[in-house]
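Here is the structure we will look at, set down as structure tokens.
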Amino acid sequence: MWILCSIILLLVVGGVAFFNQPSFGRTPRGERLARIQQSPHYRDGKFQNLSPTQQLTSDKSMVSTMFDFLFRKVEGLRPDTNVPIIKTDLKQYAPDEEVLVWLGHSSVYFQTNGKRFLIDPVFISASPVSFFNKPFKGTNVYAPDDMPDIDYLIISHDHWDHLDYQTVKQLKDRIGKVICPLGVGEHFEYWGFRKDQLVELDWNEHSVLDAGHTVHCLPARHFSGRGLSPNSTLWASYMLQTPSQNIYLSGDGGYDTHFATIAKQFGHIDFAIMENGQYGEGWKYIHLLPEDLVKAVKDLHPDRILTVHNSKYALAQHAWTVPLEDIAKAARKDSLHLLTPMIGEQVQLNNTQQAFHEWWRNQ
């Protein structure tokens, strides 16, 4: 009995120590919690989606789902060789250049109208333990030191594959402002960011940044959490209105009526960065299935589309190239203006005729 009690005590102490690592962040408190409790999207102690949303929709239990994720073999789940990339020097760009560079998964750098933006940078670790969510061969080529000074860091939600503690800590002194959903600012304050650096928004709130830039925080159909307190922070999509164009950032999330509402609200959308990958029928409401991605794009009807959330991590049970193949097929069928750059390849934001090849073929 003494030995059993000792083992249980060690496990409890170890668990408490593990979940109290700084990388897990901190649940909202004080004035921030009071603001959260006034949100129309916060009920019963948690943030809620616009529509009732079941996270797991299969008959399998969470344990069975995780077992499949960890141990079930899927042909082509990961590439056999290095994923082709172009290592672009982001510091070479003059401030007035209109460029975008996909950095793998959902991490994107772009600059427009003299401002530099970085979205969901994950350059060091996409999970709380280093051996989990390993990047594909050849994809982990960007590091915090490769980033220029950033005017605006945009975070869609606090999941580990979108908010990397080590990355943002190393970038802290080179970030002007952090744009994040309501509640996520608690993590940043805990990690040493100043309160005046944070632009923390609820859905349907906006903030005028500067030089004609306005960011709108908009709904997404997803969930949040880094530890033992799910949905204590909000998740979001964004519309960035610049002097030259409207850029939509979908963040993570499944299909719902918000795409059509956003299109009606903002009218013309020049550029959309859309989630595409890590989906499954077992969680079809919280990530876009291929056919739902097409529906979302048709709702939004943007001039150009870049899809992300693929080609770096295997977080679902589909071959790694399938999301790219599916959206490329849909783009040919429906005449969608799809951009398919390699990781690190430059997209010219002011060149609507720029073409790309299907680089993942024969990988």
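The values are calculated or read from the model by the stated rules, or taken from the named source; none is laboratory data. Computed from a predicted structure; not experimentally measured. Glycine gets a Cβ as well: all are built from the backbone with ideal geometry, and neighbour counts include every protein chain shown. Just the protein is used for accessible areas: all its heavy atoms, side chains included, with ligands, DNA and RNA removed. Shrake-Rupley method; radii C 1.70, N 1.55, O 1.52, S 1.80 Å.
Tally the residues that are at pLDDT below 95 and open to solvent by 20 Å² or more (accessible area, probe 1.4 Å), restricting the search to region 269-283. Here the count works out to 2. Of all residues in region 167-186, those that are farther than 17 Å from Glu31 by Cβ have Cβ atoms under 7 Å from Cβ atoms of residues that are open to solvent by 10 Å² or more (accessible area, probe 1.4 Å) and among the small types (Gly, Ala, Ser), 6 or more apart or on another chain, in Lys172/Gly192.
Just one residue in the set Pro95, Pro84, Pro79 is at negative phi, of a type outside the set (S, T, N, Q) and at pLDDT below 95; that residue is Pro95.
Wholly within region 64-165, which strands (runs of 3 or more DSSP E) include no fewer than the required count, namely at least 3 residues that are open to solvent by 10 Å² or more (accessible area, probe 1.4 Å)? Give the derivation first.
Details: elements: 99-102, 108-112, 115-119, 150-154.
The qualifying strands (runs of 3 or more DSSP E) are 115-119.
Within region 294-326, being over 20 Å from Met342 (Cα atoms) and either among the hydroxyl-bearing types (Ser, Thr, Tyr) or part of a helix (DSSP H, G or I) (or both) holds for Val294, Lys295, Ala296, Val297, Lys298, Asp299, Leu300. The residue that is surrounded by the fewest Cβ atoms within 10 Å (Cβ to Cβ), counting only those in region 220-254 that are more than 14 Å from the chain's Cα centre (by Cα) and closer than 15 Å to Gln48 by Cα, is Pro230. Taking region 182-217 as the region of interest, how many residues are of a type in the set (A, V, I, L, M) and within 24 Å of Tyr165 (Cα to Cα)? Matching residues across region 182-217 total 6.
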